[in-house]
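Asks: Quick one: structure below, then a few questions.
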Amino acid sequence: MTALLSTTYFGPVQWYQKLYRHEHVLMEVHESFAKQTYRNRCLIATAQGVQALTVPVAASEDGTRMTGAIRLSNHGHWQHQHWQAITSAYGDSPFLPYYEDDLRPFFFETERWERLIDYNEAIRKKICELIDIHPHVEPTSDFVKNGDFIDFRDTIRPKQAPADPDFKVRPYYQVFRERHGFLPNLSILDLLLNMGPESIFFL
């Protein structure tokens, strides 16, 4: 069965579970861009609790707000702030030293990507490589309303997410678990940096 997903910035474990469990994935690029979603936001675990990291974006030069046309913004030196937050939060995790060189370019070489969709796709490919999953992903050719697919575009979201009976949370080691308890469905970074090669077993 095909899964229909929206693009994500270091998406949550739930999103990567869909990549792993579906033979074919359509990535929606023709929807209207929605704010305060995983499209340009991820959630990590810090000593203070859950922290949201948001990539600033801008409409295309002609004002188009279609997701596929949304551009990255350099406002506020967010790249440095995100990298500092991640390395601080996961400095004591088992696998940050192992994956640091793979992740660093997404924060120090962002000039390689103009559009959010291309940036997110490069991140997805790298994360899939590191976890060792090999989904067949292709962009939509138009806005998809109906078809032979499972639509997760509005299911996977940070706030007021509807029930997803196919997503079973499997607790794993987290750096601050003793302080906050297990924090479910954070960014795939949380799973990867805490569990490394075993991440695939939690998808």
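Read-outs: derived from the displayed coordinates by stated rules, not from any lab. Fair warning: this is a prediction, and the values are worked out from it, not measured in the lab. Quick reminder, even Gly has a Cβ in these numbers, built from the backbone with ideal geometry, and neighbours come from all protein chains shown.
Asks: Looking only at the stretch 21-33, decide whether some residue is closer than 17 Å to LEU186 by Cα and surrounded by fewer than 23 Cβ atoms within 10 Å (Cβ to Cβ).
Replies: no
Asks: Could you figure out which of (1) in a loop (DSSP other than H, G, I, E, B); (2) surrounded by fewer than 19 Cβ atoms within 10 Å (Cβ to Cβ); (3) not acidic (Asp, Glu) isn't true of LYS126?
Replies: Result: LYS126 fails condition (1) only.
Asks: On the basis of being within 25 Å of GLY49 (Cβ to Cβ) and surrounded by 11 or more Cβ atoms within 10 Å (Cβ to Cβ), does ILE156 make the cut?
Replies: yes
Asks: Right, next: Check off (1) outside any helix (DSSP H, G or I); (2) within 27 Å of GLY49 (Cβ to Cβ) for GLY196 and give me the number that stays unchecked.
Replies: (1)
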